[in-house]
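Throughout, read-outs are computed from the coordinates displayed, never taken from laboratory work. It should be emphasised that the depicted structure is a prediction, and the values quoted were computed from it without experimental measurement. So basically every Cβ, Gly included, is an ideal-geometry build from the backbone, and we count neighbours across all protein chains shown.
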């Protein structure tokens with residue numbers, strides 16, 4: 001059996017906007033095996049979603065890790081051996097360090113892995129109150145992402161209107177990986 005990527009999830013926002021916190025908050029969902037407790041970054045590993053399906057989750061964006069696009073894609077490929085997989089990762093909207101912008105990254109990821117479904121989650125507003133049109137002025141990131149393939153969907157989550165709202169969106173993201 002070869003690698004079959006069922007779902008990919010990318011959380012996109014500028015640096016220090018809570019991308020990793022939102023991804024980690026998916027563990028509030030008891031189905032992810034942590035009894036509803038959010039684990040520390042060091043304790044997150046691949047999660048079994050069912051007997052035959054696993055989730056590989058990155059908490060640090062490849063931008064922050066200083067990876068190139070090739071390194072990011074090769075790491076993903078190496079972390080997901082044969083079998084049925086889902087994938088989640090934070091991304092920056094713009095090129096940073098050695099990585100290209102989110103649209104270029106998702107396009108390359110899609111070309112290599114051919115996920116059945118891909119969801120792009122923009123944090124808007126973030127906890128600083130910045131909205132998508134403010135942190136990507138002059139660029140229509142939603143349109144650009146949707147132009148990659150018809151299986152790509154885009155949502156925006158509010159991570160800034162309520163106190164501690166950044167941990168509440170995790171359940172919404174976890175539901176994306178529910179196959180029951």
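What the table shows:
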{"item": "GNM result for the chain, Cα springs below 10 Å: residue of 123, 47, 112 fluctuating most strongly", "result": "112"}
{"item": "Contour minus Cα-Cα distance for residue 30 and residue 128 (0.36 nm per residue)", "result": "32.4 nm"}
{"item": "DSSP bridge orientation in the chain - percent antiparallel, rounded to nearest 5", "result": "15"}
{"item": "Length released on extending from residue 6 to residue 117, taking residue separation times 0.36 nm less the Cα-Cα span", "result": "39.3 nm"}
{"item": "If the convex hull is drawn through the Cα atoms of the chain, its volume per residue in Å³", "result": "110"}
{"item": "Residue-averaged [θ]222 nm for the chain, counting only DSSP H segments that reach four residues, each worth -39500 (n - 2.57)", "result": "-6500 deg cm²/dmol"}
{"item": "Descending principal axes extents, region 43-135, alpha-carbon based, whole Å", "result": "42, 28, 25"}
{"item": "Nitroxide proxy distance, nm - points 7 Å out along Cα→Cβ at residue 38 and residue 70", "result": "3.7"}
{"item": "Paramagnetic reach from residue 151 (point 7 Å along Cα→Cβ, amide N under 20 Å) across region 96-113", "result": "103-113"}
